[in-house]
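Below is one structure, written out as structure tokens; comments come after it.
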Amino acid sequence: MAKTISPLQKARAAYNPKLPKVLAAHGSALKAAMGAPTQSIADQNEIKNLFPNTYGLPVVTFEEPADKPIGAVKAGVILSGGQAPGGHNVIAGLYDGLKKIDAGSELYGFLGGPSGLTDNKYVKFDDAFINEYRNTGGFDIIGSGRTKLETEEQFDTVIKNCKALGITSLVIIGGDDSNTNACMLAEYCARMNSGITVIGCPKTIDGDLKNEWIEASFGFDTASKVYAELIGNIQRDANSAKKYWHFVKLMGRSASHIALECAHQTHPNVTLISEEVEKNKTTLIEIVKNIAGIVKKRSAAGKNFGVALVPEGLIEFVPEMKKLINELNDLLAANAAHFDSLSDAHKIQFVNTKLSHESSHAFSSLPASIQWQLLADRDPHGNVQVSRIETEKLLIEMVGETLSEWKDNGEYKGKFTAVNHFFGYEGRCAAPSNFDADYCYSLGYNASSLIASGVTGYISSVRNLTKPADQWIAGGIPLTMMMNLERRHGKDKPVIKKALVELDGKPYKEFLSKRETWAMEDEYQYPGPIQYFGPSEVCDVTTITMQMEH
Ligand code: FBP
């Protein structure tokens, strides 16, 4: 039976994503203009030794059509990590680009993320399949997963499975960790002379996969606009009822890009920026006192309400918590089997006896619920799953306690009733904004051009994004260029450097100049829903962060 779809979905299915001029004019078989050799952003010698075949490659740009026809290509694609709006359009762009190279080209989608490649679970796309997913949110076209592809055994299986299907290129759509793995796979495939090339694509709502060449990871635009709509709605409610403080935790993992972007879009009374907390070495108690101070001041002005934004990764940046989390990471990585075999009571005891005095004190001062959240399984990349740590509730509890103390000594006379929210899943699969629909389609189409030009170990790069799409610059950036060494699972590993909020950057500085006013004056903005149709200045605007950065 045919699926019924909403009128909006029907209208969106007909949307024609915009492409950079060179891709729109000449299709995907393009001549790659090679720049000068490159270097990794740090730890050059170590990265060079680890990636002898893919280190130092030049930046690629596409400006002209290829000299001769390229012939049919067989490629595979996976979606990796958390969902981000626009993933379906990357695959649609890749499919269209490959077909444009040669109508006989084929695209295979491996199911459920990286594990689909090793388990050899795949589908072969055709027009009808792809058409059903154009301009839609979600990753359900082939699913995603967080399996880490890193061992030579896994790489050998990937090569074997690809060869059996005749696949000569793989596109890995993922965040910093997945693109790190793409880089390792590219290196291994080159070392083994496998004849398979690997291209990455910058995905993540977190916005932390960006640098001079990757101006944005896809999904950030849509997700932050969805959260900003919800925050705006909450602000209107707070300002109408005038009786609640709303604490909103926002996804974004370690980086506070989403919180900062939402602050610019909505002007809430409090926004915490994890990177600032780290720089100033602000303790948890200081953060709490600062928020309680704003609650008190607003209350004295007759306003027992407000809205506070809390970035998901905050806890990792509070100095005493950072130290605690690092110790826990190393401890749990080194004693995984033993730890799992213990009873709950013994787990807490074990941790307390192994931690340093300072961390043991920090751990014991936390409510039991937060202690357990800190001990929960790490993700396959060794990261604490910050989305599961209820920092917003912790802050509400601690701010409430501080205000009670102040009430007891007569400093505060107001009423503090708080409501907690966590916005993450509400935005990750939203229908992509026009920007993400265009950007994603361009990234996928551009990836097919990288495949056609025969390069490996590159990430699809589309730049100049604050300009109209026809002025976007298409090309490829060597993955090794974005790498450095970081500590994971208790060891130094080569990884793509996460882009955190820059404290000397314009988006943060502008926020700083406004935050005191926003704390007291109710300058709330209500951005409303993403507009897909209407005047370009409403429908095609990029994030405020990107406008300020470029
Ligand atoms: P990635 O894009 O890096 O995979 O992360 C996106 C994200 O939404 C993070 O903001 C969040 O911390 C994480 O995924 C939650 O993942 P999961 O739903 O798998 O627990």
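In segment 240-257, what residues are open to solvent by less than 20 Å² (accessible area, probe 1.4 Å) and either basic (Lys, Arg) or farther than 30 Å from residue 483 by Cβ (or both)? Correct list: 245, 246, 247, 248, 249. Does residue 127 qualify as being closer than 27 Å to residue 432 by Cβ and either surrounded by fewer than 20 Cβ atoms within 10 Å (Cβ to Cβ) or in contact with a His (Cβ under 7 Å, 6 or more places away or on another chain) (or both)? So residue 127 passes the test. Residues in segment 411-426 that are open to solvent by 50 Å² or more (accessible area, probe 1.4 Å) and under 12 Å from residue 244 (Cβ atoms): 415, 420. Note on segment 430-445: residues that are buried (at least 24 other Cβ atoms within 10 Å of the Cβ) and in a loop (DSSP other than H, G, I, E, B) amount to 3. The residues in segment 177-205 that are at pLDDT below 95 and away from the ligand (no atom under 14 Å from the Cβ) can be counted, and the count is 0. Checked against (1) farther than 25 Å from residue 493 by Cα; (2) open to solvent by 20 Å² or more (accessible area, probe 1.4 Å); (3) more than 16 Å from the ligand (Cβ to nearest atom); (4) not aromatic (Phe, Trp, Tyr), residue 327 passes all but a single condition, namely (1).
So how many residues does segment 135-148 have that are under 25 Å from residue 494 (Cβ atoms) and open to solvent by less than 10 Å² (accessible area, probe 1.4 Å)?
Looking only at segment 135-148, we keep the residues that are under 25 Å from residue 494 (Cβ atoms), and these are 144-148.
Still in the list and also open to solvent by less than 10 Å² (accessible area, probe 1.4 Å): none.
Counting residues in segment 135-148 that are under 25 Å from residue 494 (Cβ atoms) and open to solvent by less than 10 Å² (accessible area, probe 1.4 Å) gives 0.
The set of residues in segment 477-520 that are at pLDDT below 95 and over 30 Å from residue 332 (Cβ atoms) is empty. Of the numbered criteria (1) touching a residue at least 60 places away in the same chain (Cβ under 8 Å); (2) surrounded by 24 or more Cβ atoms within 10 Å (Cβ to Cβ); (3) within 16 Å of the ligand (Cβ to nearest atom); (4) not aliphatic (A, V, I, L, M), the one residue 316 fails is (2).
When restricted to residues that are among the charged types (D, E, K, R) and within 24 Å of residue 260 (Cα to Cα), segment 304-331 contains 4. Only one of the numbered conditions (1) open to solvent by less than 10 Å² (accessible area, probe 1.4 Å); (2) within 16 Å of the ligand (Cβ to nearest atom); (3) farther than 26 Å from residue 8 by Cα is not met by residue 169, and that is (2). The requirement of being in a helix (DSSP H, G or I), of a type outside the set (Phe, Trp, Tyr) and open to solvent by 40 Å² or more (accessible area, probe 1.4 Å) is fulfilled nowhere in segment 446-466; no residue meets it.
What number of residues within segment 272-303 are of a type in the set (Gly, Ala, Ser) and either within 16 Å of the ligand (Cβ to nearest atom) or buried (at least 24 other Cβ atoms within 10 Å of the Cβ) (or both)? Outline the logic, then answer.
Of segment 272-303, the ones of a type in the set (Gly, Ala, Ser) are 274, 292-293, 299-302.
Within this subset, residues satisfying the condition of being either within 16 Å of the ligand (Cβ to nearest atom) or buried (at least 24 other Cβ atoms within 10 Å of the Cβ) (or both) are 274.
Total satisfying the criteria: 1.
Might you let me know whether segment 228-239 holds any residue that is outside any loop (DSSP other than H, G, I, E, B), within 16 Å of the ligand (Cβ to nearest atom) and surrounded by fewer than 24 Cβ atoms within 10 Å (Cβ to Cβ)? Yes - at least one qualifying residue is present in segment 228-239.
Return yes or no: is residue 439 under 23 Å from the mean Cα position of the chain (by Cα), more than 16 Å from the ligand (Cβ to nearest atom) and of a type in the set (Phe, Trp, Tyr)? No. One residue stands out in segment 502-529 among those that are out of contact with any Lys or Arg (no Cβ under 7 Å at 6 or more places or on another chain) and of a type in the set (A, V, I, L, M): the one that is least open to solvent (accessible area, probe 1.4 Å), namely 519. Mind listing just one residue for me: the one in segment 206-225 that is open to solvent by less than 20 Å² (accessible area, probe 1.4 Å) and not in a loop (DSSP other than H, G, I, E, B) and, of those, nearest to the ligand (Cβ to nearest atom)? Across segment 206-225, the extreme among qualifying residues is 223. Summed over segment 358-397, residues that are more than 16 Å from the ligand (Cβ to nearest atom), part of a loop (DSSP other than H, G, I, E, B) and open to solvent by less than 60 Å² (accessible area, probe 1.4 Å) total 2.
Here is a yes/no grid of residues against (1) in contact with a strand residue (DSSP E or B) (Cβ under 6 Å, 6 or more places away or on another chain); (2) closer than 30 Å to residue 121 by Cβ:
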residue	(1), (2)
182	yes, yes
228	no, no
247	yes, no
263	yes, no
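Residues of segment 258-271 being closer than 28 Å to residue 138 by Cβ and open to solvent by less than 10 Å² (accessible area, probe 1.4 Å), which ones? Once the filter is applied, which keeps residues that are closer than 28 Å to residue 138 by Cβ and open to solvent by less than 10 Å² (accessible area, probe 1.4 Å), segment 258-271 yields 258, 259, 260, 261, 262, 263, 266. At least 3 residues being within 30 Å of residue 133 (Cβ to Cβ) and open to solvent by 30 Å² or more (accessible area, probe 1.4 Å) is the threshold, and among the helices (runs of 4 or more DSSP H) wholly inside segment 1-75 those reaching it are 7-13, 21-26.
The values are calculated or read from the model by the stated rules, or taken from the named source; none is laboratory data. The shown structure was predicted, so the numbers you read here are calculated from the model rather than taken from an experiment. Backbone-built Cβ (ideal geometry, glycine too); neighbour counts: all protein chains shown. With ligands, DNA and RNA removed, areas are computed over all heavy atoms of the protein, side chains included. Shrake-Rupley method; radii C 1.70, N 1.55, O 1.52, S 1.80 Å.
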